[in-house]
Each structure stands twice: as C-alpha cells, then as structure tokens.
Amino acid sequence: MVTVGVLAVQGDFAAHRRALARLGAASVAVRTPADFAGLDALVLPGGESTAMLHGIARDGLEAPLRAFLGAGRPVLGTCAGAILLARRVTNPPQRSFDALDIDVERNAYGTQIDSFQAPLDAAAPLAGLRGVFIRAPRIGRVGPAVEVLARHRGDPVLVRDGAVWAATFHPELGDDDRLLALWLGGAGALTAAAAR
C-alpha cells in the first residue's frame, strides 16, 4: 500500500486526507522532519502559499521537503501547492521550490469572492471533470517536458512532468476522485517498481 504524506502546516490538508481515505490510501500529516520517513508520495495542499512557506521554515521542513522533491517520488501540488512547486511565481514574486517547469501567477482568477466551479477541458479518463477554483493561480508558461492534462478556457490547470503533478484547482473538494485516483495509481506503480 502507498503511504501518502500531506503537508499539514496550513491549508486544506484535512480535506486531502479525507479524499485519500475514500480511495483506501493511507495518509500521514506531515508536520515535522521525521514525518517524511517512510513516505511513498506527498501532497502539497491548497491554502495560502506565503503562510505555507513561513510554516515550512518555522517547522524545519525545507531541507526534507527539498530532499523529497529531488528524489523523484510522486508529488501532487494543488492550488497553493502548485505555486510551491513552480519554477517562477508572480503577483507578487515569491520563492518556490522549482520542482516543476511552470510559471504561475498567484490569485489570477480573483479574490475569495470570485471563487467558482467549472467544467474542465480534459481527455479520458478525466473527461467531464469539474474544477473548484479558490483564489486560484494561473499557469502562464509550461516547460517543454511538462504535459498538460486539463485546461480551463485555454489555460493549463492540471499538468505533470513524470511523477510531479500540479493542479491550480482543488480536486479534493467534491465527490469526483478520478484525478486523485489517477495520481495514486502512478504513485503505486512507482513504489512497486522501486521495491523490485
């Protein structure tokens, strides 16, 4: 069984853990450096990216997080988590972990009151998926190795490069778990391959 860590310094980590539980995945709330031990995959949840960076620094998580990101293990960043994974962040500029070759603009879809749900342009097995956008970032540039899996009004909203995935929306909200199931399936395959 895959063990998924969910960064739990700020944001909607509890919703991710509930969604993972619906899929039968074991999850661990990551709050200390020791919590990274034994993880097969990691979720960087939505929340407020500046507050998350402060929490990561405060709790001594930056070095183990960078090590995890550099190890090639499966990672999913949603909303603020996608910001943390990006190569470049604007509106305003902010440091990030450069784990995915994308540029993102923070809060590009508006403020909290501008939050919305919308159908996404995605192929099977994600056709018909709806996105929940809450103060969402916009992906403005996608590197050549990055695959776009879903779009909203032409903008990439779900991307991946190998084991690293980013969604500018919240797949853990609502009852459609296909995105998380697809990501978990890849995480399980990588874990099984590493065990051989």
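Per-residue 3J(HN,Hα) values for segment 141-154, derived from phi via the Karplus relation 6.51 cos²θ - 1.76 cosθ + 1.60 with θ = phi - 60°, read 9, 10, x, x, 8, 8, 9, 8, 9, 7, 10, 10, 6, x Hz in sequence order (x marks Gly and Pro). Each of Pro125, Phe97, Asn107 was placed along the dipole of the chain (beta-carbon charges, centred on the mean Cα), and the one lying farthest toward the positive end is Phe97.
Report the FRET efficiency, 1/(1 + (r/R0)^6), for Phe116 and Ala37, where r is their Cβ-Cβ distance and R0 is 35 Å, rounded to 0.05. Walk me through the intermediate numbers first.
On the way: r = 39 Å, r/R0 = 1.12.
Approximately 0.35, to the nearest 0.05.
Here is the P(r) of the chain: all C-alpha pair distances, binned every 5 Å from 0, give 1, 8, 18, 22, 23, 16, 8, 2, 0, 0 in whole percents. Using the Karplus relation 6.51 cos²θ - 1.76 cosθ + 1.60 with θ = phi - 60°, the per-residue 3J(HN,Hα) values for segment 84-97 come to 4, 7, 5, 6, 9, 10, 10, 6, x, x, 8, 5, 8, 9 Hz, with x marking Gly and Pro. For segment 28-40, backbone phi angles converted through the Karplus equation (6.51, -1.76, 1.60; θ = phi - 60°) give residue-by-residue couplings of 10, 6, 9, 10, 10, x, 5, 5, 6, 4, x, 7, 9 Hz, Gly and Pro being listed as x. Taking Cα centre as origin and charging only the Cβ of basic (Lys, Arg, +1) and acidic (Asp, Glu, -1) residues, the dipole magnitude of segment 3-195 rounds to 120 debye. Between Ala124 and Arg178, full extension at 0.36 nm per residue minus the direct alpha carbon distance yields a gain of 18.4 nm. Close amide H partners of Val164, meaning residues 5 or more places away or on another chain with modelled amide H under 5 Å apart, are Val75. Rounded to the nearest 500, the helix-only mean residue ellipticity at 222 nm of the chain stands at -8000 deg cm²/dmol, with each DSSP H run of n ≥ 4 adding -39,500 (n - 2.57).
Quick one, could you list the DSSP H helices from the chain stretching 15 Å or more along their long axis (Cα atoms) with average Kyte-Doolittle hydropathy of -1.0 or above?
Values: long enough: 178-195 (25 Å, 1.35).
Helix filter hits for the chain: 178-195.
Computed packing ranks the peptides 169-178, 1-10, 30-39 as 1-10, 169-178, 30-39, most packed first, by mean other Cβ atoms within 10 Å. In the chain, a dipole from Cβ-located charges (positive for Lys and Arg, negative for Asp and Glu) runs towards its positive end, and of Val75, Ala63, Leu158 it is Ala63 whose Cα lies farthest in that direction.
Based on every Cα atom in segment 84-155, Rg and the maximum pairwise Cα distance Dmax equal 12.9, 35 Å. Can you figure out the FRET efficiency of Leu23 with Arg153, using R₀ = 35 Å and their beta-carbon distance, to the nearest 0.05? Result of the calculation: an efficiency of 0.75.
Throughout, read-outs are computed from the coordinates displayed, never taken from laboratory work. Just so you know, these numbers come straight off a predicted model, no measurement behind them. We place every Cβ from the backbone using ideal geometry, glycine too, and count neighbours over all the protein chains shown.
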